[in-house]
Amino acid sequence: MIPDIAIGGVLLPGLLVLAIVSLVLTVGILRLLATVGLAPRFGARPLLEIATFTLVYALLMQFLPFGNLS
């Protein structure tokens, strides 16, 4: 079970925190791909963005101690 996280007395759902962290990491990865020059090699930019976000989110869910659902 993913616990809620209290920030300044406000409870945030654990999945929301993981989504925000995933979004920040996704932006970093996409900027890195653009800097290296690999981003134009992918045909559809929105598809690259959603696939990267999904992979980062799934990896965080799998490998963080509170993200393991099994």
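Each value in this text was obtained by applying a stated rule to the coordinates, not by laboratory testing. Here the structure is a predicted model, which is why all the values come from computation and not from measurement. Neighbour counts are summed over all protein chains in view; Cβ atoms, including those assigned to glycine, are modelled from backbone coordinates with ideal geometry.
Points to keep in mind about this one:
- Residue order, fewest to most surrounding Cβ atoms within 10 angstrom, among Thr35, Thr26, Thr54: Thr35, Thr54, Thr26
- For the chain, a Gaussian network of Cα nodes joined below 10 Å ranks Leu30, Leu18, Leu47 by mean-square fluctuation, and the top entry is Leu47.
- Rough spin-label spacing in nm, given labels placed 7 Å along Cα→Cβ, for Ala19 and Ile7: 1.3 nm
- Rounded to the nearest 10 degrees, the inclination of helix 45-63 to the longest alpha-carbon principal axis of the chain is 40 degrees.
- Helix 14-36 vs. the chain, principal-axis angle (Cα, 0 to 90°, nearest 10): 20 degrees
- The GNM of the chain, with springs linking C-alpha atoms under 10 angstrom apart, assigns the highest mean-square fluctuation among Ala19, Ala44, Ala58 to Ala44.
- Of all the options Gly37, Gly14, Gly28, the one that moves most in a Gaussian network model of the chain with Cα springs shorter than 10 angstrom is Gly37.
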